[in-house]
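Student: Dropping a structure here in structure tokens format, bear with me for questions.
Values in this text are rule-based calculations from the coordinates and carry no lab data. This is a predicted model, so every value here is computed, not measured. A quick note on method: Cβ atoms are made from the backbone with ideal geometry, for glycine too, and the neighbour counts reach across all protein chains shown.
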Amino acid sequence: MTAPLTVQALLDRHANGIHQHRPIPTFAEIGAAGKLPHIAVVTCADTRCNPEDFLHLNLGEVIIFRNPGGSTASALPGLLAIDNLVTLEDIIVVKHTDCGATIFRDDTIRETIKQRVPDHATEVDAMSFGNITTSLEDSVRENLSFLKGSALIRKELADRCVGFVFDIKTGALNRVE
Ligand SMILES: [Zn+2]
């Protein structure tokens, strides 16, 4: 059995690999080259669901928002901030098979936290944790509907939101209509 990964082990990897680092362009340099990203991906925080891999991304091409379950509601403030900064043209929502968000329950999480910090019940009750209680496809549809129905998202952008389910076994991105 291999030893559990530690923070120090990661810092050691970093130190050992620092000589491979190449300077990353500044905003000004990217802007001058006309290469500001205009596509956002909202997906799960799961370490097995990596847009960098399944979309074969190069550095700086796409802005990625990750949270448990790939919730568009959780990603909303970030999407609005980035849209303000670079003007997004497309949003891609990607859920994935075997997602942990289909296992945990928001209610259970709320109860656990409230037992620990009962003084914060109101704050906790207002929080969503991204659990998926439907099929993955229906969850994608709900998330797209959320974006398209949000008064805060520009209509041109909301019209161009698309959704998929990533199959972790086959690697396929299956479009959800
Ligand atoms: Zn997941």
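Student: What distance in nm separates the two pseudo spin-label positions at ILE30 and VAL162, each 7 Å out from Cα along the beta-carbon direction?
Tutor: It works out to 2.2 nm between the two label points.
Student: Still on this structure: Could you line up LYS35, LYS169 from fewest to most neighbouring Cβ atoms inside 10 Å?
Tutor: Arranged by neighbour count, lowest to highest, LYS35, LYS169 become LYS169, LYS35.
Student: I want the antiparallel fraction of DSSP beta bridges within the chain, as a percent rounded to 5.
Tutor: Of the beta bridges lying entirely in the chain, close to 20 percent run antiparallel.
Student: For segment 54-103, divide the Cα radius of gyration by the Kirkwood radius and give the resulting Rg/Rh value with two decimals.
Tutor: So for segment 54-103, dividing Rg by the Kirkwood Rh gives 0.99.
Student: Right, another one. Please arrange PHE27, PHE104, PHE54 by how many other C-beta atoms lie within 10 Å of their C-beta, fewest to most.
Tutor: PHE27, PHE104, PHE54
Student: Can you pull the percent of Cα pairs in the chain with separation above 20 Å?
Tutor: 63
Student: To continue, here is another question. Can you give the helix-only mean residue ellipticity at 222 nm for the chain, where every DSSP H stretch with n ≥ 4 adds -39500 (n - 2.57) and the sum goes over all residues, rounded to the nearest 500 deg cm²/dmol?
Tutor: My calculation for the chain gives -11000 deg cm²/dmol from helical runs alone.
Student: Turning to a different aspect of this structure: Just want the ordering: THR134, THR43, from fewest to most Cβ atoms lying within 10 Å of their own Cβ.
Tutor: Final ranking by Cβ density, sparse to dense: THR134, THR43.
Student: Between SER145 and THR170, what FRET efficiency comes out of the Förster formula 1/(1 + (r/R0)^6) with R0 = 30 Å and r the beta carbon distance, rounded to 0.05?
Tutor: For R0 = 30 Å, the calculated efficiency reads 0.65.
Student: Show which lysines lie in cross-link reach of LYS155 when reach means a straight Cα distance below 26 angstrom and same-chain residues fewer than eight apart are skipped.
Tutor: Qualifying lysines at Cα under 26 Å: LYS35, LYS95.
Student: Could you check the spin-label model distance between ALA45 and LYS155? Points 7 Å from the Cα along Cα→Cβ, value in nm.
Tutor: A separation of 3.6 nm, rounded to one decimal place.
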